[in-house]
Each structure stands twice: as C-alpha cells, then as structure tokens.
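Report on one structure; see the data block that follows.
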Amino acid sequence: MREYFEKITKELFKNINSKEILIVNFDAEESTFVRLNKAKIRQAGDVKQISVTLSLLNKEKRNLKSSIRLNGSIDRDISTLIKTLNYLKRELPDLPKDPYLMYSNSIHSTSVSEDKSSIDDREILDYIISSANGLDLVGIYSSGYIYTGFANSLGQTNWHANFSFSFDYSVYNKNNNAIKLNYSSKKWDKSKYDIILDNGLKKLEILSNPTKKIETGQYTVYLEPSALNEIIDMMAWGGFSYKSNKIGTSPLHLLNKKERSLNESISINENIKDGLSPNFNADGFIKPENISMIANGEFIESLTSPRSSIEYSVTHNASSSSEYPSSIDMKEGIIKSNDILSTINNGIYISNLWYLNFSDRNNGRITGLTRFGCFLVENGELTSPINTMRFDDSVYSMLGTNLIGLTSNRDLLIDSGTYEERSTASARLPGALINNFKMTL
Amino acid sequence: MKNEFLNQINTYLPSVDYCSFRFVNKYTNILSVTRNVLEPIEIIEDEGLMVTVIHDGGFGYGATSNLTREGILKATEEAKKWANFSKGNLIHQPTPPINTIDNGKYFTSEKDGWAKESNKDKVDYLMEINKALKSKPAISNWGASFRYNKVETLFTDTNGSKFRQNISYILPQLIACAEYKKQIQTRTYGGHAHARQVGYDFLKDSDLINRAKVIANDAIELSMADNCPNKKCDVILAPDQMILQIHESIGHPLELDRILGDERNYAGSSFVNLAMFGNYQYGSKKLNISFNPDQESELATYNFDDDGTKAEKKFLIKDGKLERPIGSFYSAQRADQDFVACSRATSWNRPPIDRMANINMEPGDSTFAQMVSSIEDGILLETNNSWSIDDYRNKFQFGCEKGTLIKDGELKEVVKNANYRGITKEFWHNLEMVGDKSSFSILGTANCGKGEPNQTIFVGHATPSCLFKDIDIFGGES
C-alpha cells in the first residue's frame with residue numbers, strides 16, 4: 001500500500017508549479033466486519049477502501065481541497081487525481097484569500113509500519129461462536145489494516161500503518177441484563193479472550209439476581225474506566241479546544257478561565273506517544289508526544305490547531321482542525337481495586353454510562369443513563385442489578401467537590417467506532433469514586 | 001454511461017441462489033464561512049460497490065472501491081466465501097425476493113441545480129449571511145454553511161431487477177452565539193432539522209439574511225434571560241423540536257432490528273415487543289405516525305430501498321394504536337411482520353439495516369394560536385440542542401435552544417437552558433392537541449447514527465407543532 005501511495009504522490013507533484021503547494025492526505029483500510037446476535041452471524045463481509053484528499057494552496061494564501069475515493073488500480077487512479085487537481089487549479093483563483101492558512105514547511109518525514117498480521121479471522125470467529133454456545137452474545141468483530149499517509153510537494157512524507165482487531169460485545173441473561181466486554185489487540189490470544197469472557201460471566205451471575213428499583217436522589221457511585229470515559233468524552237466536545245474555549249462554547253470554558261476548578265487529583269494528557277493514532281496531523285505538522293491539558297485540577301494547555309494559532313496569535317501544538325483529543329491519558333489515583341466496594345459501602349457500581357449530552361453546557365452539566373452491568377452495593381458487596389437510571393450532574397461536582405478518588409489501576413480503552421472508517425482513538429483511564437452523584441429519573 | 005455501467009456489471013453476477021450489486025456514488029460539497037472568513041471548501045467524491053450473496057443457506061457481502069472487472073469479481077468471491085462461512089451459523093436464513101423491478105427510477109427535483117451557481121456566488125451569499133449574523137456587538141461567535149449531498153444508487157440482481165435513484169439534498173446551517181456575564185447562549189437555524197431534497201433555488205428563496213438577524217437577536221435575548229423554571233406544565237413543541245421527539249421516542253423504538261436484538265451491543269433495544277403490534281395503545285388518539293417515502297422534497301423520499309423493496313406510505317401508529325414496525329423485507333421474515341421499504345445503508349461500504357426513512361406526524365386540526373390560547377401555564381420550546389434517551393427508549397431528556405413562557409393564553413418572556421424530561425409511554429398519552437397544516441413543516445436530519453459497523457444516514461420528519469399536558473421542565477445552573 002505504501003508503494004502505491006508513493007507512486008501516486010510522485011506523479012501528482014510533477015504537476016505542481018513553483019507558486020503552488022500540494023498536500024496529499026491518504027486513508028485506506030482493509031477490514032473484515034462480522035456482526036453477531038445470539039452468538040450467531042447476523043452480517044459478515046469485507047470492505048476495501050482507499051481515499052485521497054488533495055489540498056491545493058497557492059502563495060496568495062488561497063486553498064481548496066477535494067477528497068476522492070480511489071480504485072486501487074494505479075493508472076486509473078492517477079488519471080482521476082490529475083483531473084481533480086486540474087479542477088482545483090481552475091477554481092482556486094476565484095476564491096477569497098484564507099487569512100488562517102498554515103502548512104508545515106519544515107520537512108519532517110516519519111514512518112510507522114507493522115509486520116503483516118498472521119491472524120485468521122475465520123478461525124477466530126469459529127472459536128468465538130463455539131465458545132459462546134448457549135450464551136446470548138451480541139456484538140461486532142472487526143479486524144484489518146488501517147493506513148494513513150501524508151505527503152506535500154515540499155518533500156515531506158509521513159506514513160502510519162496499523163493492524164488491529166476488536167471484538168466489542170455484550171452477553172445478556174434471561175432478565176435482559178447484560179455485561180459489556182471488549183477484547184482489542186494486535187495479536188489474538190485465546191487465553192486472554194477466555195479470561196475476559198469468564199470474568200464477564202461471573203458478573204453476569206450477579207445480574208441474575210432480581211433487579212432492585214432505585215429511586216431518584218444522590219448516591220455514592222463507582223464509575224468503571226469505561227463509564228468515566230463517557231464523561232471525559234463529553235468534556236472533549238470542545239472542552240480541550242483552544243477555539244471553543246476562546247469563543248465560549250466549550251463545556252470547560254469556566255475551568256479554562258480559572259473561574260472553576262476540578263479536584264486536584266484530576267490530570268489529563270493528550271498522550272500521542274502511547275496511543276494508536278498517527279503522530280502527524282492533516283497539515284503535516286508533527287504532534288508533541290505529550291500535552292498536559294489538565295493538571296492537578298487546573299486547566300493547563302488547550303489543543304490548538306494551526307488555523308487557531310493564526311486567528312488568535314498563539315502557538316499551535318499540531319492539533320487537528322477539530323481540536324479534539326485522540327489519545328486521552330488520565331492520571332491514576334491511589335484507591336486499590338480491592339478497596340472499591342468497601343469504599344462505596346452503600347451505593348451503586350456503574351460499569352457503563354450511555355447517551356450523554358449537556359443539560360447546561362456553560363456550566364459543564366451533563367446528563368446520561370446507566371447501561372450494562374450496574375449494581376447496587378450494600379455493605380460493601382455487589383448485591384443486585386439496578387433499573388436503568390438517568391443522572392444529571394456537573395463535571396465540577398463529579399470530578400471536583402464530590403470526587404472521593406481515582407483507582408490505582410487504569411484500563412486502555414480502544415475506540416471500537418467504525419463511522420466511515422475504523423477509529424484509531426484510544427483512552428487510558430482509572431475508575432472514579434464519587435459522592436452525591438445525582439440520579440434524576 | 002450509467003446504463004452502460006449497469007449492463008456491464010450485470011454480466012459479472014455469479015451463479016448463486018441470489019446476488020445483488022449495489023453501486024453508490026456520493027458527492028458532498030461543504031462551504032463554510034465562520035466569523036467572516038471562508039474555511040477550506042470541501043469536495044468529497046466517493047464511489048464503490050457492494051456485492052451481496054445469498055447461497056445455500058449462507059449470507060455474505062464484499063464491498064470495494066475497485067470498480068474494475070477484477071475488483072468486482074474479487075469482492076464477489078469475498079461475499080461468496082462469507083456466505084459459505086456463515087452457512088449454518090446465521091441468526092436467520094434469509095429468503096431472497098422473487099419479484100423484479102424493471103428499470104425503476106427516482107430523481108430529486110432540483111429547479112436550480114447545485115452546480116449551476118459558482119463557488120464564488122455561494123461564498124458571497126454566505127458572507128452576506130455572516131454580516132447579518134454579526135449585526136450587533138453582543139454576538140461573540142457566528143457562522144454559516146451550506147452542505148450539498150448527492151447520492152446516486154444503481155442496483156441490479158440475479159432476479160433481473162434494475163433501478164437507478166438520484167437523491168440530492170441541501171442543509172443550510174446558521175449559528176449565532178451571544179455572551180453576557182460569561183454565559184454563552186447559542187441559536188441556530190438548519191443544524192439538525194432543515195435538510196431537504198431541494199435545489200439551490202430553495203436556499204435563495206429561504207430569506208436566510210432575515211433568518212440570520214432573527215437568530216442573532218434571539219441569542220442576545222437568551223443570554224440575558226432567566227433560566228427556565230423547574231415545574232410541571234403544558235408544553236408546545238415547535239416542529240424543529242417535534243422531529244427529535246418523534247425520531248428518538250417513536251422512530252428508533254419501532255425499528256424491527258432493535259426489537260430483534262441486533263443493536264443491543266450498540267444503539268440499544270426497545271421497550272416495544274412483537275406482541276404489541278396491532279393492539280398496543282402507544283399514545284393518545286391524536287397520535288398518527290406514518291412511514292411516508294412519498295412526501296415531496298422530504299429528505300428520505302425515494303422509490304426503492306437498498307434491498308430493492310418498492311417504497312410506499314404505510315401507517316405505523318393510527319389513532320394512537322401501534323400498527324406495524326419499521327422493518328425491512330428481511331427483518332419482517334424473521335419476525336413474521338408486515339414490512340416497509342426501510343433497508344438502507346449509509347453508502348456502498350456498509351450493509352443495509354432497518355432505518356427510518358420519512359417518519360411523519362400527520363397534521364391534526366388545531367391552529368398554533370388555538371394551542372397557545374388554551375394554555376394557562378406553560379412553555380413553547382423551539383430547536384433541539386440536547387438529546388438523551390435510554391437504550392430501551394423509555395427515559396428521555398431533551399434540551400432546547402429557546403423557551404418562551406405562556407401565561408393565560410399568551411406568549412410571554414423568553415427563558416434559557418430549557419430542558420424537559422419524561423418517559424416515552426406516558427409522554428405520548430399526554431398528547432393533547434396536534435397542529436393543523438398551517439404549522440406542518442417538512443424537516444429532516446442528515447446524521448442519524450446506528451449499526452455495527454457504524455453508519456450515519458439522512459432521515460426525514462414532517463410534523464406540525466403539538467401540545468402536551470403535564471410535562472416536567474427545568475433549567476440550568478442558577
């Protein structure tokens with residue numbers, strides 16, 4: 001695939017004159033998707049796709065870009081791309097200048113490639129289906145390569161090839177209670193899969209107890225890393241973005257303005273070094289290995305795109321234009337796994353939260369629901385599943401005044417999202433113990 | 001050229017029990033002007049083909065952007081391999097259709113085509129809208145964009161069916177934010193609601209300059225307004241909030257694949273079960289909901305779905321009673337239910353699943369003025385800005401950009417951070433009055449997410465304003 005990418009860019013750059021700069025962004029994947037319901041196949045198939053985005057800039061600060069889906073046959077694709085390039089050249093002079101146009105002009109080529117994978121999808125699926133015999137298992141298995149490339153006519157080339165698989169699934173019992181599980185990695189290890197499933201089934205046993213209907217009110221809760229991830233994900237809806245904080249639409253703009261603070265144990269980084277996503281952005285800038293966004297409860301640094309850096313006259317940190325994090329890394333706390341239930345004593349153990357949104361974005365107030373594996377804790381023990389509950393609370397309470405503490409163990413959560421293409425985002429998070437967590441419906 | 005391509009790929013159909021080729025070409029053009037500056041214009045062209053094979057009790061697909069003979073045959077082999085692998089392991093062994101579609105067609109009617117207007121003229125219009133949005137100093141952030149999408153589908157199968165559809169739609173988006181005492185309030189037009197199958201002439205006739213001034217004034221007024229009160233009262237939902245209410249608490253729970261459990265790991269299930277169809281009272285007798293792919297200019301109007309099922313209007317809920325699910329030809333086989341033409345995929349690279357198309361609230365007999373005058377203590381809620389509902393589609397909480405209090409039959413002061421919450425089953429029984437044709441609006445949302453692998457798709461909703469009794473409303477932090 002890399003050779004194909006290099007051939008395309010080489011031909012394209014031959015058609016660029018000295019007043020023009022061409023940026024080529026390359027995205028491709030070879031994926032297998034198998035969807036399961038009741039441990040049977042619902043839909044199974046393969047997807048092969050390649051797309052290229054051409055951004056043509058000129059020295060008068062005009063720019064125009066076009067994304068094309070390609071065939072994978074080199075001559076035909078080069079012909080298509082040259083036609084697209086010629087269209088961009090024709091349209092460019094009529095467009096207004098872009099005062100915020102910025103591109104990387106210091107050449108910094110990088111390459112990350114992985115050995116060809118040896119996993120056999122059909123063998124894995126045979127094992128998954130046979131070991132789930134008798135279980136009401138539902139979910140998606142996806143696997144394959146994801147390729148990301150960047151090249152510009154100034155001479156920079158960046159390449160990132162990543163193989164992974166993800167089995168994101170849940171297992172239901174007869175009462176329609178379920179436990180959500182995920183096994184994502186680069187190499188399939190049957191014993192690791194078995195351990196994850198077995199641990200999940202142990203929790204499912206407790207979910208077989210009669211459901212206890214809890215009332216609205218305030219509870220001591222434990223959020224597993226995947227539940228906490230939902231809250232951090234909402235904070236990331238503009239929360240870490242320089243632009244959103246500047247114009248005030250960020251849910252964390254009061255934290256950014258030092259009007260509010262979080263608990264001093266909250267530290268959140270964008271950790272590209274240990275994440276799965278490429279270390280270069282679409283403009284060719286190389287991302288720092290680590291950005292401290294929140295430290296000890298205080299806002300430290302935003303994700304700042306090159307465009308924002310010109311608009312607001314600040315230094316950028318090679319963020320994408322969305323200024324959205326892709327490799328969240330939250331510092332662990334000191335609560336040991338064995339102490340979680342005794343610390344809650346009487347309250348709720350929440351494995352997952354779902355469908356979050358803002359009820360007051362200005363003040364960081366978020367609503368959402370419990371889902372999968374949520375238990376009542378009585379006298380330090382998981383006793384029974386609970387009915388689905390809606391919470392509505394502010395991040396300044398949940399991760400501020402009402403935070404009891406964070407766990408010393410962290411989970412690496414690999415995003416199983418597949419909108420348009422398979423995601424490379426990830427998050428490494430501890431669990432959180434919170435007092436007075438507000439349940440409203 | 002397209003007919004030639006269709007005839008050509010037709011010759012590649014394999015000798016199996018059933019196979020279909022679904023070619024999709026998508027063109028997207030997005031122009032955005034933010035705070036008077038043109039953002040990089042986006043042009044996205046995407047095309048590819050999905051091969052679906054049903055053979056010897058198995059089912060599989062192969063999708064490729066390689067449209068050469070070699071590429072299509074390779075994808076067909078992949079589909080056959082998956083069909084072979086899934087044999088005996090399928091949740092349901094599908095029975096393929098037996099009917100044929102003879103050169104079916106559907107084309108969006110565009111009086112002025114998108115390409116007729118130059119990029120420069122479109123950008124100039126967006127610049128003008130930006131000026132109208134920033135008409136007052138209190139506006140802290142503003143912007144406007146146009147998104148145009150054209151989706152062409154060519155379909156052929158081993159039954160001899162062939163059809164071609166061209167669906168194009170436009171979504172205008174305007175935003176104005178105002179800041180007062182470090183509190184920001186936002187008003188939008190377009191956004192989640194105003195996508196339609198129209199030509200560029202629709203944008204020119206929509207008086208977007210005036211709309212820009214209205215939302216800018218609204219944002220300023222909201223930034224200085226009190227929070228929405230916390231209480232139980234009567235609520236009028238404007239069409240641009242009604243569509244979200246219909247979408248989340250009727251559309252999604254009636255999707256048959258959810259009821260059959262396919263979505264339990266991702267988008268969720270439903271409180272609706274198969275036994276409810278034909279007898280369950282979903283809401284008050286004022287509630288009439290249709291699956292209506294015939295509504296002119298609505299976002300998901302079409303003649304065929306992605307499995308080649310002919311589309312026609314059918315009632316889902318009549319006089320409050322649940323009649324049928326949103327279930328496709330294949331899902332209906334699994335559940336022994338009536339089907340609608342709702343099998344839709346986001347593009348060539350995802351398999352079709354049960355989807356809303358146009359899910360509409362039929363007009364009632366009340367004018368907007370009659371609804372307002374009937375309320376002693378209540379609120380008018382406009383334009384969704386927050387949506388959250390549980391995985392069985394029971395407990396919901398929705399937020400709106402603008403609330404206007406109603407006292408003794410009259411609209412009064414504006415309030416900010418207006419939210420309401422409830423439980424689906426109770427909420428639709430509280431439907432008291434349904435607006436007549438004068439408030440009936442054809443709207444639609446371009447981004448409805450569902451499915452594994454994930455898919456977003458455009459969905460139409462047409463609805464009048466409606467009045468609900470005894471709803472819990474509340475505001476933001478004091």
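The values are calculated or read from the model by the stated rules, or taken from the named source; none is laboratory data. Since the structure is predicted, the reported quantities are computational estimates derived from the model, not experimental observations. Cβ atoms come from the backbone with ideal geometry, glycine included; neighbour counts cover every protein chain shown.
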### Task
Among the residues of segment A:409-441, count how many are in contact with a Pro (Cβ under 6 Å, 6 or more places away or on another chain) and either within 13 Å of chain B (Cβ to nearest Cβ) or surrounded by 19 or more Cβ atoms within 10 Å (Cβ to Cβ) (or both).
3
### Query
Pick from segment A:317-331 the residues that are among the charged types (D, E, K, R) and away from chain B (no Cβ under 14 Å): which of them is surrounded by the fewest Cβ atoms within 10 Å (Cβ to Cβ)?
A:K331
## Note on the structure
In segment B:397-421, residues that are surrounded by fewer than 24 Cβ atoms within 10 Å (Cβ to Cβ) and under 18 Å from A:M389 (Cβ atoms) total 1
### Query
Do we find a residue being of a type in the set (D, E, K, R), assigned to a loop (DSSP other than H, G, I, E, B) and within 11 Å of chain A (Cβ to nearest Cβ) anywhere in segment B:78-89?
yes
### Query
Given B:Q245, B:Q197, B:Q241, which one is surrounded by 21 or more Cβ atoms within 10 Å (Cβ to Cβ) and over 30 Å from B:K469 (Cβ atoms)?
B:Q197
### Summary
Here the residues within segment A:136-155 that are under 19 Å from A:T32 (Cα atoms) and more than 14 Å from chain B (Cβ to nearest Cβ) are A:Y145, A:T148
### Task
Tally the residues that are within 30 Å of A:S166 (Cα to Cα) and within 14 Å of chain A (Cβ to nearest Cβ), restricting the search to segment B:443-478.
12
### Task
Filter segment A:252-264 down to the residues that are out of contact with any Asp or Glu (no Cβ under 9 Å at 6 or more places or on another chain) and part of a loop (DSSP other than H, G, I, E, B), then identify the one that is surrounded by the most Cβ atoms within 10 Å (Cβ to Cβ).
A:L252
### Message
I need the full set of residues from segment A:229-261 which are at pLDDT 95 or above and either over 19 Å from A:D360 (Cα atoms) or among the small types (G, A, S) (or both), in order please.
### Response
A:N229, A:A236, A:G238, A:G239, A:S241, A:Y242, A:K243, A:S244, A:S250, A:S261
### Query
Somewhere in segment B:363-380, is a residue surrounded by fewer than 22 Cβ atoms within 10 Å (Cβ to Cβ), among the charged types (D, E, K, R) and assigned to a strand (DSSP E or B)?
yes
### Query
In segment A:201-213, is there at least one residue being within 11 Å of chain B (Cβ to nearest Cβ), of a type in the set (K, R) and assigned to a strand (DSSP E or B)?
no
### Query
Name the pairs: first residue in segment B:389-400 and over 11 Å from A:T370 (Cα atoms), second residue assigned to a strand (DSSP E or B) and of a type in the set (D, E), Cβ to Cβ under 8 Å, at least 6 apart or on different chains?
B:Q397/A:D392; B:C400/B:E382
### Query
Does segment B:116-136 include one or more residues that are among the β-branched types (V, I, T), assigned to a strand (DSSP E or B) and in contact (Cβ under 8 Å) with a residue 60 or more places away in the chain?
no
### Message
Restricting to segment A:223-251, count the residues that are part of a loop (DSSP other than H, G, I, E, B) and over 25 Å from A:T424 (Cα atoms).
### Response
2
### Message
When you check B:L203 against the structure, is it within 14 Å of chain A (Cβ to nearest Cβ) and part of a helix (DSSP H, G or I), yes or no?
### Response
no
#### Entry: Unique residue being buried (at least 21 other Cβ atoms within 10 Å of the Cβ), in a helix (DSSP H, G or I) and away from every other protein chain (no Cβ under 14 Å) when the list is B:I250, B:I236, B:I317
B:I250
### Query
Just one of the numbered conditions (1) within 14 Å of A:A227 (Cα to Cα); (2) touching a residue at least 24 places away in the same chain (Cβ under 8 Å) is not true of A:L412; which one?
(2)
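Each row is one residue, and each column tells you yes or no for (1) more than 30 Å from B:D226 (Cβ to Cβ); (2) touching a residue at least 40 places away in the same chain (Cβ under 8 Å); (3) buried (at least 23 other Cβ atoms within 10 Å of the Cβ).
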site	(1), (2), (3)
A:G333	yes, yes, no
A:K336	yes, yes, no
A:I350	yes, yes, yes
A:R361	no, yes, yes
A:G373	yes, yes, yes
A:S394	no, no, no
### Task
Being free of Cβ contacts under 8 Å to residues at least 60 places away in the same chain and out of contact with any Ser or Thr (no Cβ under 7 Å at 6 or more places or on another chain) narrows it down to one of B:K321, B:K286, B:K313, so name that one.
B:K321
### Query
Restricting segment B:363-392 to residues that are within 17 Å of the chain's Cα centre (by Cα) and not hydroxyl-bearing (S, T, Y), which is farthest from the other protein chains (Cβ to nearest Cβ)?
B:N384
### Query
If you take the residues of segment B:32-67 that are in contact with a Ser or Thr (Cβ under 6 Å, 6 or more places away or on another chain) and within 30 Å of B:N141 (Cβ to Cβ), which of them is farthest from the other protein chains (Cβ to nearest Cβ)?
B:S32
### Query
Quick one: is B:K105 in a helix (DSSP H, G or I) and either away from every other protein chain (no Cβ under 13 Å) or without any contact (Cβ under 8 Å) to a residue 60 or more places away in the chain (or both)?
no
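Listed here are the residues, each with its yes/no results for (1) at the interface with chain B (Cβ under 7 Å from one of its Cβ atoms); (2) surrounded by fewer than 23 Cβ atoms within 10 Å (Cβ to Cβ).
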position	(1), (2)
A:F33	yes, no
A:Q49	yes, no
A:L57	no, no
A:R62	no, yes
A:S66	yes, yes
A:S73	yes, yes
A:D77	no, yes
### Query
Of all the residues that make up segment A:183-228, how many are free of Cβ contacts under 8 Å to residues at least 24 places away in the same chain, loosely packed, with under 13 Cβ neighbours inside 10 Å and small (G, A, S)?
1
### Query
If you check B:V24 against the conditions, is it in contact with a helix residue (DSSP H, G or I) (Cβ under 8 Å, 6 or more places away or on another chain), assigned to a strand (DSSP E or B) and among the hydrophobic types (A, V, I, L, M, F, W, C)?
no
### Query
From the residues in segment A:35-47 that are facing chain B (nearest Cβ under 7 Å) and of a type in the set (G, A, S), which one is nearest to A:S170 (Cα to Cα)?
A:A44
### Task
Considering each residue of segment B:340-354, count those that are in contact with a helix residue (DSSP H, G or I) (Cβ under 9 Å, 6 or more places away or on another chain) and within 21 Å of B:A462 (Cα to Cα), and give that number.
5
#### Entry: Unique match (being surrounded by fewer than 20 Cβ atoms within 10 Å (Cβ to Cβ), hydroxyl-bearing (S, T, Y), within 23 Å of B:S168 (Cα to Cα) and in contact (Cβ under 8 Å) with a residue 12 or more places away in the chain) among B:Y27, B:Y12
B:Y27
